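Novice: My structure is below; once you've seen it, I'll send some questions.
What follows draws every value from the coordinates through simple rules; no lab data is involved. No experiment lies behind these values; they were computed from the predicted model shown. All Cβ positions, glycine included, derive from the backbone under ideal geometry; neighbour counts span all protein chains shown.
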Amino acid sequence: MNVLLTSVGRRSYLVNYFKEALGDSGKVIATNIFKQAAGMAAADVAIVTPPANHPDYISSIIDICNKYNIGLLCSLHDLDVYILSQNQKQLDNAGILHTLPSANWGRICLDKYECTLLLEKHGIPVPKTVTSLDKAMLKLRNHEIKFPLIIKARAGFGSLGLTKCYNESELIAAYHNAQEKALVSGSNNYMPLPEEEMIIVQEAIEGQEICLGVVNDLQGAYKTHFACEVHSMRAGESDWATTLDSTVYKTLAHRISGLTNHKGIWGLDFLNDNGTLRAVDVNPRFTGDYPFHHLSGVNIPSALIKWAKNQEASSEALVSTPDITCYKDLVPRILAN
């Protein structure tokens, strides 16, 4: 079987993980809007596609799946996940197996405000959050929220517009700056939002960042989970982290799995607020912290390929060893023409 990784970007490591898992039994096909991307260079076959919001995008993906006999599709970018999830009936009708969220969850995960409200409704702690500058100022004056505050794009990706503010003047400047970045990013072309509601304001949590990976099989049944503490970020992704004892997060992982009934791996980001984990992001895809777990023993690409073949995944592929500290290295390479 062959695997399709859409919006592969710079995730060459994921391409290599899938290639290793496939061995001689298949190829990794990668798509992206830019040919000159690390993930494209690593793939067996690289195909440039229109942007995900282009009218021809879905038909182009279906054509690729048919041409290359794709046995599993995984999307690696938030906006791409969203568009594919909203059109997944077309993929299902074409017989394409995938790890996309439901259309509803695809929308919720991209909309950080709606996601925050839903998690809170289901008893998962979140930071205090508002969607407009006027509401934030009112809550500050009513002592319902307090500085420091975090500003970020409501439908953003890669930490778009992320800024920490310590007073009102910083808040106003950061809010308008994030608003401008959100407009320039083009995210409104995917999920239109009123201009005054494109940014969310959250109380900053100063504790450690915990990333939780929750893995279901392709029928949406819980299979495993793993966690790491992130020590630093670079370009919106985890850069240096230490794997943790996953048993501590067993109840939380099962709760999330049952709530989402998702397929494949989802990554959730939490901040430790004096012993309470508050959810700040839900990503329905492989996330930037996954390589740390892969280096610690997990092999989700291998598990997904097994499940796609209606086979059992190896138990060893679902277990991460705790207390392994990893970092991402920068390795210059020549890009072939």
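Novice: Please state the relative contact order of the chain as a whole percent: Cα pairs under 8 Å, 6+ residues apart?
Specialist: Values: 698 pairs, mean separation 50.8, N = 337.
Computed over the chain, the figure is 15 percent.
Novice: While we're on this one: Between Ser59, Ser159, Ser102, where does the largest GNM mean-square fluctuation fall for the chain, given springs only between Cα atoms within less than 10 Å?
Specialist: Ser59
Novice: Test of understanding: ordering Met191, Met1 by Cβ neighbours within 10 Å, fewest first, what list do you get?
Specialist: By the 10 Å Cβ count, ascending, the order reads Met1, Met191.
Novice: Follow-up. Pairs of alpha-carbon atoms within less than 8 angstrom and 6+ residues apart define the contacts here; what relative contact order does segment 209-327 have, in percent?
Specialist: Values: 253 pairs, mean separation 36.2, N = 119.
Averaging sequence separation for qualifying contacts and normalising by length gives 30 percent for segment 209-327.
Novice: Taking 0.36 nm per intervening residue step and subtracting the Cα-Cα distance, what contour gain separates Glu237 from Ser169 on full extension?
Specialist: The Glu237-Ser169 span can extend by a further 21.7 nm.
Novice: So which trypsin sites (Lys or Arg not before Pro) in segment 261-337 are both in a DSSP loop and have at most 10 other Cβ atoms within 10 Å of their Cβ?
Specialist: Values: sites: Lys263, Arg278, Arg285, Lys306, Lys309, Lys328, Arg333; in loops: Lys263, Arg285, Lys309, Lys328, Arg333.
Counting only loop positions with at most 10 other Cβ atoms within 10 Å, the trypsin sites (Lys or Arg not before Pro) in segment 261-337 are Arg333.
Novice: In straight Cα distance, which lysines are under 25 Å from Lys309, not counting same-chain residues fewer than 8 positions off?
Specialist: Cross-link targets: Lys19, Lys27, Lys67, Lys89, Lys223, Lys263.
Novice: Between segment 75-92 and segment 186-237, what is the C-alpha centre distance in whole Å?
Specialist: What the calculation gives is 17 Å, centre to centre.
Novice: Let me ask something additional. Straight distance only, please: which aspartates and glutamates reach the Cα of Lys139 with their own Cα at less than 18 Å, same-chain residues fewer than 8 apart left out?
Specialist: Glu168, Glu170, Glu196, Glu197, Glu203
Novice: Compute the distance from the alpha-carbon center of segment 260-337 to that of segment 155-175, in whole Å.
Specialist: Each part reduced to its Cα centre gives a spacing of 28 Å.
Novice: So how tilted is helix 112-121 from the main axis of the chain? Cα-based, degrees 0 to 90, rounded to 10.
Specialist: Relative to the chain, helix 112-121 is tipped by roughly 80 degrees.
Novice: What number, in percent, do you get for the relative contact order of segment 128-203 if the mean sequence gap of Cα pairs under 8 Å and at least 6 apart is divided by its residue count? The partial results should precede the final answer.
Specialist: Working: 120 pairs, mean separation 34.4, N = 76.
Once normalised by length, the contact order is 45 percent.
Novice: Check Ser238: other-chain or 5+ apart residues with amide H under 5 Å from its amide H, H built from backbone geometry?
Specialist: When sequence neighbours closer than 5 places are left aside, the close amide H contacts are Gly288, Asp289.
Novice: Where does helix 57-67 land angle-wise versus the long Cα axis of the chain, in degrees 0 to 90, nearest 10?
Specialist: It works out to around 20 degrees.
Novice: Work out the charge dipole of the chain with +1 on the Cβ of Lys and Arg and -1 on the Cβ of Asp and Glu about the Cα centre, then indicate which of Thr287, Thr116, Ser102 is farthest towards its positive end.
Specialist: Ser102
Novice: Further question: Which residue fluctuates the most in the chain, going by a Gaussian network model with Cα springs under 10 Å, if the choices are Gly123, Gly161, Gly207?
Specialist: Looking only at Gly123, Gly161, Gly207, the biggest GNM fluctuation is shown by Gly123.
Novice: Which peptide among 291-298, 213-220 comes first, and what is the full order, when sorted by highest mean count of other Cβ atoms within 10 Å? Please list the in-between numbers first.
Specialist: Details: 291-298: 22.0, 213-220: 19.6.
Top of the packing list down: 291-298, 213-220.
Novice: Additional query: Just how large is the dipole of segment 2-100 about the Cα centre, in debye to the nearest 20, putting +1 at every Lys and Arg Cβ and -1 at every Asp and Glu Cβ? Don't skip to the end; give the middle numbers.
Specialist: Values: 7 positive and 8 negative charges, 30 e Å.
Magnitude of the dipole: close to 140 debye.
Novice: Can you return the lysines within cross-link range of Lys146? Criterion is Cα-Cα under 17 Å, with same-chain partners fewer than 8 residues away left out.
Specialist: Lys128, Lys135, Lys164
Novice: While we're looking at this one, here's another question. Taking only DSSP H segments of four or more residues, each worth -39500 (n - 2.57), what value at 222 nm results for the chain once the sum is divided by all its residues, to the nearest 500 deg cm²/dmol? Intermediate results must be reported in sequence, preceding the final value.
Specialist: Values: 12 runs with 113 residues, N = 337.
The helix contribution divided over the chain gives -9500 deg cm²/dmol.
Novice: Name the residue from Ala241, Leu171, Ser132 whose Cα lies farthest towards the positive end of the charge dipole of segment 100-253, charges +1 on Cβ of Lys and Arg and -1 on Cβ of Asp and Glu.
Specialist: Selected residue: Ser132.
Novice: With +1 on each Lys and Arg Cβ and -1 on each Asp and Glu Cβ, and nothing else charged, work out how big the dipole of the chain is about its Cα centre, in Debye to the nearest 20.
Specialist: Values: 30 positive and 35 negative charges, 92 e Å.
Rounded to the nearest 20 debye, it is 440 debye.
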